[in-house]
Amino acid sequence: VRAFLASAAHERASAAVLFADLRSAYYRAVRETVLGGELHADVIANLTGRLGVDRDALQPLLDALHGASLLEQAGVRPHTQRVLQDMHRDTWFGIVGCDTAVGTRLGTKPSDPFGDMVFLYLLAARLAELERRLDALGLSVKLPWSGGRTLAAPADGQARTVALCDVSFADDFAILLSAPSPHECVEH
């Protein structure tokens with residue numbers, strides 16, 4: 001992020017960084033978007049309550065949730081999809097000293113390798129969508145790239161670039177924006 005801002009200052013370009021820390025992100029992920037399967041009514045009620053909108057206003061989101069899962073879009077075999085759905089069906093957790101288990105229908109388990117994979121797959125898809133939108137608005141950041149492991153400019157003088165939308169670490173990320181003027185950076 002510092003290198004991006006320093007480069008923008010050197011080039012006299014307008015740049016902005018939007019920092020995001022998704023609160024309770026793992027616990028609020030709608031895992032059906034990644035895995036597929038039936039979306040429970042209480043998950044929908046939770047979504048409408050959290051977002052403060054009625055179900056009718058949420059209908060476009062619900063339509064998207066009932067579409068093809070991210071695994072299906074990626075070409076994962078139906079049998080593997082069903083196995084992964086079963087792994088997240090009737091999930092629960094316990095608390096030391098409590099005799100009852102708590103059932104869950106929303107979220108993934110942080111620090112669990114499979115839960116992390118489900119969450120990060122979902123986050124990667126959302127960030128890719130954001131990157132497409134920023135690119136369409138002309139706000140995406142394109143850096144010269146040599147094709148190697150560094151973001152150094154190509155030695156042969158060829159104008160190759162790589163898009164850099166976000167700097168991510170789990171549920172914390174920074175979105176890099178660049179535009180011809182400061183007004184255009186924040187306008188969209």
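The values are calculated or read from the model by the stated rules, or taken from the named source; none is laboratory data. Source: prediction; values computed, not measured. Reconstructed Cβ throughout: ideal geometry from the backbone, glycine too, with neighbour counts over all protein chains shown. We work out accessible area using only protein heavy atoms, side chains counted, and drop any ligands, DNA or RNA first. Shrake-Rupley method; radii C 1.70, N 1.55, O 1.52, S 1.80 Å.
From the list PRO182, PRO144, the one residue that fits, being open to solvent by 40 Å² or more (accessible area, probe 1.4 Å) and modelled with pLDDT of 80 or more, is PRO182.
Can you say whether ALA16 is aliphatic (A, V, I, L, M) and surrounded by fewer than 12 Cβ atoms within 10 Å (Cβ to Cβ), as far as the supplied structure shows? Judged against the criteria, ALA16 is not a match.
Please go through the stretch 31-46 and pick out each residue that is in a loop (DSSP other than H, G, I, E, B) and surrounded by fewer than 19 Cβ atoms within 10 Å (Cβ to Cβ).
Those that are in a loop (DSSP other than H, G, I, E, B) and surrounded by fewer than 19 Cβ atoms within 10 Å (Cβ to Cβ): GLY37, GLU38, LEU39, HIS40.
Of the candidates ARG2, ARG28, the single residue that is surrounded by 15 or more Cβ atoms within 10 Å (Cβ to Cβ) and of a type in the set (Lys, Arg) is ARG28. Is it the case, given these coordinates, that GLY49 is more than 30 Å from VAL167 (Cβ to Cβ), open to solvent by 50 Å² or more (accessible area, probe 1.4 Å) and more than 18 Å from the chain's Cα centre (by Cα)? Answer is yes for this residue.
In the stretch 43-55, the residues that are touching a residue at least 12 places away in the same chain (Cβ under 8 Å) reach residues that are open to solvent by less than 90 Å² (accessible area, probe 1.4 Å) and in a helix (DSSP H, G or I) with C-beta atoms within less than 7 angstrom, at least six apart or across chains, in these pairs: ILE44/LEU62.
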